[in-house]
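The structure under discussion appears below in the form of structure tokens.
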């Protein structure tokens, strides 16, 4: 479920700027047309699309051309202050994948992402201090960052995440009400999970049923499971 919801929030953020093709294909573009549309949005300056495009190239493997494009799009997104891109770019520099290993640069990007409350980035800042990577070793500072990362885990969402998630839910609800089966399915997942809205299984069933009636197989599976 968390993986689906992560994909949903990325998709819904992109949807606000998409007028050409169905926004849902951008979750995992399965066609050349879908990829070209995503590239078009990324080129227009959309940080979410740039991040998603970088992930696609990264997942294709470590061939030089894939990693060159991966770094290019992570950098464009990170420079727009998108925290997930900043974290992923930091990892590339930390591990030396697609770029020369550079701990100070990695730490710089981890710090930027951590400033948004990115839990994994906080962990890596602490790791850099613990190991003296890109900064003078400091066990006290390392512990502080580790503790901050744990505190983020204890809290449901940061204020930044709450604002983003509220906007994303509103976008998907609007599309669902228009009759889009994919949006209806995701809205069902949101009500079923209950993380971003109050959990309501009857509403989840309602939206799953609407999507299933339009031939969405996953929605039917969820509807059947909840009905039992």
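The values are calculated or read from the model by the stated rules, or taken from the named source; none is laboratory data. In this text the structure is predicted, and so the values were computed from the model without any measurement. All Cβ positions, even for glycine, are placed from backbone atoms using ideal geometry, and neighbour counts span all protein chains on display.
If the condition is being over 17 Å from residue 91 (Cβ atoms) and assigned to a helix (DSSP H, G or I), then segment 40-52 contributes 40, 41, 42, 43, 47, 48, 49.
Under the condition of being under 21 Å from the mean Cα position of the chain (by Cα) and part of a loop (DSSP other than H, G, I, E, B), which residue from segment 102-122 is surrounded by the most Cβ atoms within 10 Å (Cβ to Cβ)? This residue is 118. For segment 141-228, the helices (runs of 4 or more DSSP H) that sit wholly inside it and include 2 or more residues that are surrounded by fewer than 17 Cβ atoms within 10 Å (Cβ to Cβ) and at pLDDT 75 or above are 159-177, 201-212, 217-227.
Does any residue of segment 72-87 turn out to be more than 18 Å from the chain's Cα centre (by Cα), crowded, with 18+ Cβ neighbours inside 10 Å and not assigned by TED's automatic domain parsing to the domain that holds residue 133? No, there is no match, as no residue in segment 72-87 is more than 18 Å from the chain's Cα centre (by Cα), crowded, with 18+ Cβ neighbours inside 10 Å and not assigned by TED's automatic domain parsing to the domain that holds residue 133. Criterion applied to 135, 125 was being in a loop (DSSP other than H, G, I, E, B) and modelled with pLDDT of 85 or more, and the one residue passing it is 135. Among the residues of segment 80-101, is there at least one that is part of a helix (DSSP H, G or I), in contact with a helix residue (DSSP H, G or I) (Cβ under 8 Å, 6 or more places away or on another chain) and modelled with pLDDT under 90? No, there is no match, as no residue in segment 80-101 is part of a helix (DSSP H, G or I), in contact with a helix residue (DSSP H, G or I) (Cβ under 8 Å, 6 or more places away or on another chain) and modelled with pLDDT under 90.
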